[in-house]
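The values are calculated or read from the model by the stated rules, or taken from the named source; none is laboratory data. What you see is a predicted model, and the numbers here were worked out from it, not measured in a lab. In this analysis, Cβ positions are derived from the backbone assuming ideal geometry, glycine residues included, and neighbour counts consider all displayed protein chains. Only protein heavy atoms, including side chains, enter the accessible area calculation; ligands, DNA and RNA are left aside. Shrake-Rupley method; radii C 1.70, N 1.55, O 1.52, S 1.80 Å.
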Amino acid sequence: MPEIALTPNALRVLEARYLRNNPTGQVVETPEAMFRRVAAHVAAVEKPYGECPDAAAEAFYDAMARLEFLPNSPALMNAGTTLGQLAACFVLPVEDSLDRIFGTLHDAALIQQTGGGVGYDFSQLRPAGDRVTSTGGSSSGPVSFMKAFDAAVEAVRQGGRRRGANMAVLDVHHPDIEAFVTAKRGSSVLRNFNLSVAVDDAFMQAAADGGEVTLRNPRTSQPAGQKRAADLLHLVAECAWESGDPGVIFVDRINRDNPTPALGRITATNPCGEVPLLPYEACVLGSINLSALSVTGAFDWDRLDRLTDLGVRFLDDCIDASVFPLPEIAAGARGSRKIGLGVMGFADALVDLGIPYDDDGAIRFAGDVMARMAARAAEMSRALAATRGPHPHFARSRAAALGQPPIRNATRIAIAPTGSLSLIAGCSSGIEPLFAVAYERHVLDGATLVEVNRRFEQLATKQGVWTPDVQRKVVASGRVRDLSDIPPDIRRLFPTAHDISPEQHIRVQAACQAHVDNAVSKTVNLAAHATVSQVEHAYRYAFERGCKGITVYRHGARAGQVLAPITSSGLCPDCRTALEFSEGASLCRACGFSSAV
């Protein structure tokens, strides 16, 4: 039985967010008991297939206890409880009638209560000022309804453990696109929403060629004016430069990978962008800790294969084991059986392997890992289809039309930001670079503790350069690339997010996306002095590289910014520690507060 090697921060996160409490709020569950609870609940669904739940539960527990694989937060929180909802990612429809709009808001509240995040496409709503036949009045437009959703979400803390996470999408051809793009400008509205503009290939081509795009009223499908595409793209970049919102999703690229186009066109994603979904679909996520496979300085590819097999099986079991909040969602989730197995600890693994994040070797490693996982996940999903049956929509899927063998899960791979999960596992988040080599942690009793990257401290100590003076310098900036006190061979291994060029951020994302059938959550970090033109360049570069979306964040852009300097503002609302920012989600390394998975 493996010993669970949790850091003090990890234990604090678990106690605050995941371990079960008694009626007085006292923690009554150990981390071992939590993993046992989750493993047993998920494995129990294997019995009807003639498989062995006890053996599966032991394998699931072993991988979680070793911190080599963790499922998304709702599974850790809810498995084996009366709530029983295990998925993190949802998309709900927003149709153009008052009762359907507020029906969706009701459904969203049920999802938020269970810890899930919701994406919505508001593009079907008639624009502001448009005619409302039933009353003779005029419509208030998508942005006004988004504000109503935001206010409702503010009142619902996810399962009592997390704040709500939401994604609002609007098509670039909607007449209210400029109001949507500028919705967060100069105000604190929509604080529970990430915003994304859905752009198609024709728009990106028109932006490059100096052409125009036609805006269309979704109620009538009639033209409602024209705009220069380059001007619209510049406005998106300008607002993202100011605040980090909106992001951009490349909707044609997403639909080229849509596994079930006969069921509809995908127009929205979950809140962090890694799972494009049809309305009423849901997806369960899990992540393999790459840093647990690289500790010897050589990467354990065989262990990656075994964990991929286990992860696909675990996540497929979750679809059966989950108590979904609505019958429509249960039907959608079990119809396509979409799962999203991804990775965390990528930056840590690079350090172990002696590869700087801003080196071509990082791009090759990213591609190699995801290619191997994608092939293995598909193989495992086909093996499950042979014994459990393919997903019910398989006969109408793109795979069936191409004559491919039956498969259990319409999608298998997604890369999430893993904010809280990476805290539990004690590794870097998702495929992001390190935020800081060292930082200060402000704890509830007013004390200030210094947190130093374990790998950096070990290497610096081994080479005899970890002195109090060097520690002060590292903590002051969080970076080491410019410190002459540190040997060059160590400095090169520890670039932080702002040491890395936007192009390299995007190349890493694109190397992963080439093998990911869902999408990749990744923030492209820009320096405070970056220009709006550089943001536009990032959009074009991501589009050319085949990404499915892009989120850009300029350092210092947001008031009370979340990716803050170590001792500046941008504090956790729960414990007042400086927050980090990734893909529109805030993350506290001290207490585990997170607005996303």
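Just so you know, the Cα atoms of the range 30-75 work out to an Rg and Dmax of 10.4, 31 Å.
Please label the shape of the range 185-240 as rounded, prolate or oblate, based on the square roots a ≥ b ≥ c of the eigenvalues of the alpha-carbon gyration tensor (a/c under 1.5 means rounded; beyond that, a/b larger than b/c means prolate, else oblate). The shape class here is oblate.
Classify the range 317-398 from the C-alpha gyration tensor, please: rounded if a/c falls under 1.5, else prolate or oblate depending on whether a/b exceeds b/c. Because a/c hits 1.5 or more and a/b exceeds b/c, the range 317-398 counts as prolate. Between Asp302 and Arg454, the contour length at 0.36 nm per residue exceeds the alpha carbon distance by 52.2 nm.
The value of relative contact order for the chain, using C-alpha pairs under 8 Å at least six residues apart, is 16 percent. With viscosity 1.306 mPa s and temperature 10 °C, the Kirkwood radius over alpha carbon pairs of the range 265-307 converts through Stokes-Einstein to a diffusion coefficient of 122 µm²/s. Bridging of Lys338 to aspartates and glutamates at a Cα separation below 16 Å is possible for Asp257, Glu274, Glu281, Asp309, Asp316, Asp317, Asp320, Glu328, Glu379, Asp517, once same-chain residues fewer than 8 apart are set aside. Quick one: Cα centre-to-centre distance for the range 40-94 and the range 447-500, in angstrom? Taking the Cα centre of each part, the range 40-94 and the range 447-500 sit 38 Å apart. Once R0 is set to 56 Å, what does the formula 1/(1 + (r/R0)^6) return for the Cβ-Cβ distance between Arg334 and Glu238, expressed as a FRET efficiency to the nearest 0.05? Calculated transfer efficiency: 0.85.
Under the classification rounded if a/c is under 1.5, otherwise prolate if a/b is larger than b/c and oblate if not, where does the range 1-40 fall, given a ≥ b ≥ c as square roots of the Cα gyration tensor eigenvalues? Oblate, since a/c reaches 1.5 and b/c is not below a/b.
Kirkwood analysis of the Cα pair distances in the range 326-466 returns a hydrodynamic radius of 18.4 Å.
Over the residues of the chain, the helix contribution to mean residue ellipticity at 222 nm works out to -12000 deg cm²/dmol, using -39500 (n - 2.57) for each DSSP H run of at least 4. Sketch the reach of a paramagnetic label on Thr387 as a point 7 Å from Cα along Cα-to-Cβ, and name the residues of the range 306-333 whose backbone nitrogen lies under 15 Å away. Only 309-318 pass the distance filter.
In the range 297-369, taking the dipole from charged Cβ atoms about the Cα centre, the farthest positive-side position among Ala331, Gly345, Gly367 is held by Ala331. In the full protein context, the chain carries 36 Å² of accessible surface per residue, based on a 1.4 Å probe and ignoring ligands, DNA and RNA. Straight-distance candidates among the lysines for linking to Lys462, with alpha-carbon spacing under 27 Å and chain neighbours fewer than 8 residues away dropped: Lys473. Taking label positions 7 Å along the Cα-Cβ direction at both Asp482 and Ser533, the computed distance is 2.4 nm, reported to one decimal. Across the range 396-553, Cα-Cα pairs more than 19 Å apart make up 65 percent of the total. For the range 110-124, putting each phi into the Karplus relation 6.51 cos²θ - 1.76 cosθ + 1.60 with θ = phi - 60° gives couplings of 5, 5, 4, 4, 8, x, x, x, 10, x, 9, 9, 8, 6, 7 Hz, in residue order, rounded to whole numbers and with x for Gly and Pro.
With the simple model of a label 7 Å out from the Cα in the direction of the Cβ, Leu11 to Leu402 spans 4.9 nm. By the equivalent-ellipsoid construction on the alpha carbon gyration tensor, the range 199-304 comes out with semi-axes of 37, 20, 13 Å, ordered largest to smallest.
Net length available on complete extension from Thr82 to Thr214 is 42.5 nm, with 0.36 nm assigned per residue and the Cα-Cα distance removed. Dipole check for the range 200-312: with +1 at the C-beta of Lys and Arg, -1 at the C-beta of Asp and Glu, and the Cα centre as origin, the magnitude is about 380 Debye. When only the Cβ of Lys, Arg, Asp and Glu is charged (+1, +1, -1, -1), the dipole of the chain relative to its Cα centre reaches about 480 debye. In terms of Cα atoms, the Rg and Dmax of the range 501-547 work out to 10.9, 35 Å. A Förster distance of 45 Å, applied to the separation of the beta-carbon atoms of Glu379 and Glu3, puts the FRET efficiency at 0.90. Based on alpha carbons, the Rg and Dmax found for the chain are 23.1, 78 Å.
When a 1.4 Å probe is rolled over the protein heavy atoms, the share of accessible surface on the chain that falls to carbon and sulfur comes to 52 percent.
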